[in-house]
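Undergrad: What follows is a structure written as structure tokens; I'll ask about it next.
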Amino acid sequence: MNDSPRQTNVQPMPAIDGVTVSFNGLNYLRPELLLDFVSISLSPLLAVTPVALLYSSVGVLQQVDLRRLPVEVCGRVVYPISSLKLPALRGKLIINAQSRRLKFLESLVAISPEDNIHGMQILGLALEFTFAQPE
């Protein structure tokens with residue numbers, strides 16, 4: 001039995017025509033689209049890390065960084081996406097290990113009457129993928 005730690009490979013979201021939006025060197029998964037794990041790598045996916053949200057505010061593209069917490073890929077996971085900087089920007093990352101797919105669902109929620117979410121739109125979620133390296 002081998003007790004050595006498993007070797008991993010971390011890859012950023014690649015550019016995929018019609019599926020991602022590029023901004024400031026990152027590729028963002030568009031909302032509502034299913035992403036098949038094999039379109040990133042044939043290796044087993046161990047974790048997905050949300051990196052940043054891309055949004056537009058009155059037509060100006062902007063990004064907000066997220067805490068880089070890896071989400072383990074096991075079963076079906078619904079992971080909440082939010083930022084302390086912009087609490088009105090929210091979303092869900094749905095990871096389904098059985099179907100080997102994930103989806104990003106976005107929403108804008110006015111937390112208080114002072115929140116001005118008019119003219120804002122969430123355009124995508126940047127991700128990093130942690131794969132097991134082949135032995």
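The values are calculated or read from the model by the stated rules, or taken from the named source; none is laboratory data. The structure presented is a predicted model; accordingly, all values stated were derived computationally and were not measured. Note that we place each Cβ from the backbone using ideal geometry, even for glycine, and neighbour counts take in every protein chain shown. These accessible areas exclude ligands, DNA and RNA; they are computed on the full protein's heavy atoms, side chains included. Shrake-Rupley method; radii C 1.70, N 1.55, O 1.52, S 1.80 Å.
Undergrad: Mind grabbing the accessible area of residue 94 for me, 1.4 Å probe, Å², rounded to tens?
TA: 30 Å²
Undergrad: How many percent of the accessible area of the chain is carbon or sulfur, using a 1.4 Å probe? Present the calculation step by step, with values, prior to reporting the outcome.
TA: Working: 4140 of 8020 Å².
Heavy-atom surface of the chain belonging to carbon and sulfur, 1.4 Å probe: 52 percent.
Undergrad: Using alpha-carbon pairs under 8 Å, 6+ residues apart, how would you state the relative contact order of the chain in percent? Don't skip to the answer; put the middle values down first.
TA: Working: 299 pairs, mean separation 48.5, N = 135.
Result for the chain is 36 percent.
Undergrad: Between (1) 14.2, 52; (2) 13.4, 40; (3) 15.9, 60, which matches Rg and Dmax of the Cα atoms in Å calculated for the structure shown?
TA: (3)
Undergrad: Along each of its three principal axes, how wide is the spread of alpha-carbon positions in segment 13-92, in whole angstrom units, largest first?
TA: 39, 27, 21
Undergrad: Also: Which residues make up the longest stretch of the chain that has no trypsin sites (Lys or Arg not before Pro) in a DSSP loop with at most 13 other Cβ atoms within 10 Å? Walk me through the numbers before you get to the answer.
TA: Working: sites that count: 6, 67, 68, 85.
After excluding every exposed loop site, the longest remaining stretch is 7-66.
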